[in-house]
Amino acid sequence: MNSYIVYKDKIVSKLGIGTSAYGSRVNQKDANFIIETLINKGINYIDTSPYYGFGNAERIVAKSIQGKRNELFISTKFGISIRNSNSFIRKLIPWSRKIYSIPGVKNAFKKTSGNYIIDKILTVEQVSTSIYSSLKNLRVEYLDLLIVHNNIGAYIEDNELIDYLLELRNKQIIFNYGVSTNQLDESIVNKIRLEKSIETIQIPYVERYKLVLRDFRVTYFSLFSSGMPNMHELKNMILSHNGHFIVLITNKYNIDKYLSYYK
């Protein structure tokens, strides 16, 4: 199977490791097992964000990839951030997974998590702070991919920001950058087309997007638990698309289900 893409000078697996639940439903021990198992299977793409897992995901990923940086393609984001929470609340977060299955708790947990998320247009100075904070959290010196998380129309039109990202790319602090959105409309697509430096688009897997995005240089789909394709469909998608597919695995016992065809 054609399971890899040459991303500039780096060979990157089409199947990627999603970490949105790391720090909430996935603790450090399980994250270590999942990431090590997937890396040993040849999967080297890790997708994370400063706000995943109430702000804990990047730190958890850092501990799981110690000594493996050169083998990996690491992607993180900016544009959504976490409200400052005190250390007591952060200590309680890992325990939430133990009561997550209790009726009513899951919805309450999601509602509470939303209160920690700040979705606003960031200044260049704030973006810079976010990027360097991610580098520190991940314990890395560079990012293979940096993604604008939401509000992409405003960011694409911010020439000062684009110049700053290009400066970071020239300094090899980031090697590629792109955009992430849950919805694609014609105006957004046209804006992306005009900004030639954008190299990656991250969207949920939706059939109609395949035609809209077929002429982009690199297209990368996210696969979430809602609308998750079965294994046969996922295999066909990987075979037929020159893109990446990020799968969130929260249970260490179902890894083989996702990898049974990945050879």
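Any chance the range 38-49 includes a residue that's in contact (Cβ under 8 Å) with a residue 40 or more places away in the chain, under 13 Å from L72 (Cβ atoms) and surrounded by fewer than 18 Cβ atoms within 10 Å (Cβ to Cβ)? Scanning the range 38-49, I find at least one residue that is in contact (Cβ under 8 Å) with a residue 40 or more places away in the chain, under 13 Å from L72 (Cβ atoms) and surrounded by fewer than 18 Cβ atoms within 10 Å (Cβ to Cβ), so the answer is yes. Among the residues of the range 154-183, the ones that are in a loop (DSSP other than H, G, I, E, B), in contact with a Lys or Arg (Cβ under 9 Å, 6 or more places away or on another chain) and buried (at least 18 other Cβ atoms within 10 Å of the Cβ) come to 2 in all. Being aromatic (F, W, Y) and modelled with pLDDT under 75 is true for just one of Y209, Y155. Which residue is that? Answer to the selection: Y209. Quick one: would you say T219 is polar (S, T, N, Q), surrounded by 20 or more Cβ atoms within 10 Å (Cβ to Cβ) and at pLDDT below 75? Yes: the conditions hold for T219. What pairs come up if the first residue lies in the range 182-194 and is closer than 16 Å to N159 by Cα, the second is aromatic (F, W, Y), and their beta carbons are under 8 Å apart, counting only those six or more places apart or on different chains? Here the result reads I192/F216, each pair linking the range 182-194 to a residue that is aromatic (F, W, Y).
The values are calculated or read from the model by the stated rules, or taken from the named source; none is laboratory data. All of these numbers come straight from a predicted model, not from anything done at the bench. Backbone-built Cβ (ideal geometry, glycine too); neighbour counts: all protein chains shown.
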